[in-house]
Structure formats: structure tokens, C-alpha cells
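The values are calculated or read from the model by the stated rules, or taken from the named source; none is laboratory data. Quantities reported herein were computed from a predicted structural model and do not represent experimental measurements. Reconstructed Cβ throughout: ideal geometry from the backbone, glycine too, with neighbour counts over all protein chains shown. Just the protein is used for accessible areas: all its heavy atoms, side chains included, with ligands, DNA and RNA removed. Shrake-Rupley method; radii C 1.70, N 1.55, O 1.52, S 1.80 Å.
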Amino acid sequence: MNMSARCISNRLFLQYKITPGLHFRGGLLLIPMGIVNEYHEPTTFNGVERPLIDNIISPTTWREIGFGISGNLIASSLKYQAYLVNGFSGYNGTAQFDGKNGLRKGRQKGANSYLSAPNFSGKVEYYGIKGLNVGVSGYFGNTQSTLYNGLSKDNDAALAKADSSVVGLSMVGVDARYTLKGVQLRGQYYFAGLSNTSPYNHFTAKNGKPNDLGSAMTGYYAEAAYNVFRPLNLKDELTPFVRLEGYNTHHAVAGGLTKNKAYQTTAITTGLGWKPAPGAVLKADLQFVKPQTADKFTTTFNAGIGILF
Amino acid sequence: MQKIIITILLLVNFGVLQGQEGINYRPKVLLREISKQWGIGDPQWSELRLPAANGSGERIKGKFFAVSERLEPNNRRFVYVGRVNSCRGGGCSASGEERAVAGDFEYFDYFILFGSDASVQQVRVFNYQATHGQEITSPQWLRQFSGFDGTKTLQVGGNVDAISGATISAYAIAGDVEQKTKLLKNAELPRLGWAKE
């Protein structure tokens, strides 16, 4: 009989202050990539669902075991984070990445994580201008593979096989948030470059058909919102918003793979959020999604309640 | 890896139990701003002894000071230096010992410079130890508290601009500035017989 116990947490870490502007952190860390991964509570973003690119390209809630440094340099209005973490699981008996789902299935989330090569994750934010936060994120390293477990360095064939089961990942994100009175603007851009995708796609072929992981992915969104209750001096917030986003998990492909235009998607999301109190929100929105291969947008209605406690 | 996880969990437990360090009541940036704003290079400090309960029963994590030039002891301005818990992880809704463990690692230290009429002249955060919400340390954002005299309520999203991603810290500092301003103006200065007409 197998039994397991599980504690689900999206962050759990030790923070030790070395100086006021320098902390050591170790444990289950949120990867500082983009906006929503670190600010994923429903009261902190507009719309019922997170932006699509924070699902496919930056797979929120993206958290891994690791350690590193972080801190605020108040005089310079800078926040920095730099961590070494275990990377995505790219292969654990089956392929974890493909063109359709991007990197999402590779998250290890801490519990039973395994490590074959450490990855670097970092972010710098500037917040010196009132209402503005600008961030640059980076994530670099090779994905993990269980084929390296107990592998002898003399076994060239097994080493070559294991090497084909990993991809190199270099992801860069640029984000900005701006708030001025009732106006809220935010934008986000991701570029993910992947290496070794051709050997990976052939190694993880199914029924003789190679996998279809792209060698570069891109994604963006731009969002505008306005608290219409602000001019009325009400404590509640009622915030209509509109978000335009797009992503392409086949921005580039390698090794003779043909670009699949169905993986290039545009989406428009518009809706309302009502915050009766700072820690609670009721949301409703319409989402229009269109892959490039489709003739028209498909429409989805979402509604939800979010509570931060 | 499992061994590493267990070790980290033990470290987390140890780290949380260490608690907070004391507040630095004379940070360099405060001395610099007193000199810059008030032209007082050699300040004379006099702590205002607050009554224990302050009417609300709330323990105040900070101190009020009357500050003057040594040669002009009657020309007083006021300084508040204190700590605010930013209340993540249920820290501020918990109680007693639970609160001390859950909430005390998320905090920031700041000061308020008050004029002789107890209106706010400047607010600065000099030690930010919370995991998010660092945008409130921006001097440009803090400038909106200047001139606050305790006659109104500070409302984030109203007369205080909200910050995306820093809601908890913005509410925390706005609430604390309002409370400390009203305490100084309405309770402490009249009690000491220093209130201006």
C-alpha cells in the first residue's frame, strides 16, 4: 500500500536579514517572473482568470525549491531578487513540454522535486516614480531529467539519451504597472528562447511522430482599468477593464519542425471587478479568444469571487 | 532532495522564532532630514511619554519625540519613529502569541516629521522588511501625506493614491499616519499644554 501526505503551499521560505537591504532566502520560492506570479491573489489582478501568457509561458503559480538573495535598496527605489532553483522537469519518463501547453506541465512545485542542474532566476524592479513599478526578469538554465539519476559517466549512450531529454531555457520578461488616481495600467512582455529542442522533440516522439516544442515563445498583454467609484468618493471600488493579449509558442521552431499557426493566439478580455472591501472582490468578464487558424473569436463568460485572507 | 526539504522546513521554523529586532530611533536619514527640513544640526531630543493604553488599548510600536535646537528649547517640532506590521499571512487578524509568530516578520519602520502645530511635514520609510509592497517607500508617493493635520480621514483609493500590488502596505501606513497624527494633535499636545490655538 502506498500512502502519501501532501501539504500544498505556493511559498514557504526562510528569510534571514544579513543587512537591512540584503536578505538570504531559502525554501519554496515564487519565481520572480512577470507580475502575476508573485501577485497572484485574485484581488491583485483584473479578470477572473489570470492572463493567458501567465498560464502558458510563465506557468503561474510557478514556484520551486531554491535559495538566494533579495532586498530593497530604499534610497535607490530598487528591489532585487536572485535565486538558484531546481528547474522545470522536462522529462520524467514522458515529455513534459510541447507546443500546445508550452512549459506549464514542467513545474515541480517543491514536493518530490528532483534536481539535475540548478537554474538561475532573478528580477530587478524600480519604483522611484509615484505609482509606477517597472521590472525586468530573467530565468536561465537547463530543464531537469530523471534519466540522469544514477547515470554512470562512462555510459556514453545513456548520457547521449539523457542529454536529448533536456532543453535549455532562457526567459526574459519586462513588465510595468502604473496607477494614477483611478487609472490602472499594466503591461507585460515575455520572450522564451529554448535550445536543444530538435533532439528533445525527436527523443520524445510518439508513435514515430516527433514532439512539437518550439525553439522560441513570445507573449504580451496590455491592460487598462479605471475605478469609476473614485470620483464619487466611495470606499468600494468598481473597476471596468480591458486587456489585449497575444502569445505564440511557435515564434520560432528548429530541426525542420513546421510552425503551427494554431499556437499563435490573440485574446481580448473585458469585464468588471467590484471590491466591497480591500480583501474581497467579485468579478465577471467576457473573454474572446482566437487562434490564428480560426475564423472567429470564441467567447467565454467568467464570474468569480476572490478573498484574500 | 527530501533531506534538503526537511532541513529547510526546520530552518524556517527556527527563522520565524527569532522574531524582530529593535527599532532604530535615530536612523541617519532622520538626522539628515531634521537638518535639511528644519535647519537643526544639533537636535535636542525629548521623548513624549505616552500613557500605556492611549484610550484604545493598542500597544504602540514607536515613540514620539519633541525636537528642538539646543539654543531654542521652546521652538519645538515633533517626530514619530515607529514600526508597522504589514499583516500578511493573517498576522494582524491573529491574536496574542499566534500574531507574534505569524505577523511579526512582515514589517517596516518609518518616521513622521510634524511641525509645531502637529501637521505632517514629511514621511519616510527607512527600513522595509516586508516581502511585497515596497512601492510605498517611494518619496514621491509618501509626499501626499505632507500637510495632513488629522482633521480628515486618510482613505486609500480616495485622498491617498492606491498602488497596484502594495494594497496591504498602503493601507497600513495610511492608517498609522492618521492614527499617530490624531494622537499627537488631539491627545498629547493638549495633555502637555503645548497645543497651539
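Taking the alpha-carbon distance from B:Lys36 and a cut-off under 20 Å, which lysines remain once sequence neighbours fewer than 8 residues away in the same chain are dropped?
B:Lys28
What is the magnitude of the charge dipole of the protein assembly as shown about its Cα centre, with +1 placed on the Cβ of each Lys and Arg, -1 on the Cβ of each Asp and Glu, and no other charges, expressed in debye to the nearest 20?
80
Can you give the average number of partner chain beta-carbon atoms within 10 Å of each beta-carbon in peptide B:127-140, as a whole number?
Across B:127-140, the average partner-chain Cβ count within 10 Å equals 6.
Which whole number gives the average, over all residues in A:12-25, of C-beta atoms from other chains lying within 10 Å of the residue C-beta?
What the average comes to for A:12-25 is 4.
Near A:Lys153, which lysines are there with a Cα under 27 Å away, not counting those fewer than 8 places off in the same chain?
Filter leaves A:Lys161, B:Lys3.
Compute the label zone of A:Lys209 within the stretch A:67-101: residues whose backbone N is under 20 Å from the point 7 Å along Cα-to-Cβ.
A:94-101
Can you give me the C-alpha center-to-center distance between the stretch A:197-248 and the stretch B:147-197, rounded to a whole angstrom?
Rounded to whole Å, the Cα centres lie 40 Å apart.
Full extension from A:Val124 to A:Ala82: what is 0.36 nm times the residue separation minus their Cα-Cα distance, to one decimal in nm?
Details: separation 42, 0.36 × 42 = 15.12 nm, distance 0.88 nm.
Result: 14.2 nm gained on full extension.
Only Cα pairs within less than 10 Å get springs; with that Gaussian network setup on chain A, which residue of A:Ala117, A:Ala280, A:Ala157 has the largest fluctuation?
With Cα springs under 10 Å in chain A, the top fluctuation among A:Ala117, A:Ala280, A:Ala157 is at A:Ala157.
Can you flag which of A:Lys275/A:Lys296; A:Lys105/A:Lys296; A:Lys17/A:Lys275 are past 31 Å Cα-Cα?
A:Lys275/A:Lys296; A:Lys17/A:Lys275
Once R0 is set to 30 Å, what does the formula 1/(1 + (r/R0)^6) return for the Cβ-Cβ distance between A:Asp236 and B:Asn186, expressed as a FRET efficiency to the nearest 0.05? Mind showing how you got there, number by number?
Values: r = 29 Å, r/R0 = 0.96.
So, using R0 = 30 Å, E works out to roughly 0.55.
Tell me the label-point distance for the pair B:Thr153, A:His40, using the 7 Å Cα-to-Cβ offset, in nm and rounded to one decimal.
Output for this residue pair reads 3.5 nm.
Could you calculate the contour length gain from A:Leu159 to A:Lys261, that is, 0.36 nm times the residue separation minus the distance between their Cα atoms, to one decimal place in nm? Could you put the intermediate results ahead of the total?
Numbers: separation 102, 0.36 × 102 = 36.72 nm, distance 3.45 nm.
Here the segment from A:Leu159 to A:Lys261 would lengthen by 33.3 nm.
Counting only other chains, and only Cβ atoms inside 10 Å, what mean value do you get across the residues of B:163-175?
Average neighbour count from other chains, rounded to a whole number: 4.
Using a 10 Å cut-off on Cβ atoms, rank the peptides B:63-70, B:148-155, A:203-210 from the highest mean neighbour count down.
B:63-70, B:148-155, A:203-210
Going by accessible area, probe 1.4 Å, with all protein chains left in place, what is the ranking of A:Val48, A:Val85, A:Val172, largest first?
Ranking A:Val48, A:Val85, A:Val172 by accessible area, largest first, yields A:Val172, A:Val48, A:Val85.
7 Å from Cα along Cα→Cβ at both A:Val134 and A:Ala176: what's the point-to-point distance in nm?
0.7
Given R₀ = 51 Å, FRET efficiency for A:Thr94-B:Lys61 by Cβ-Cβ distance, to 0.05?
0.45
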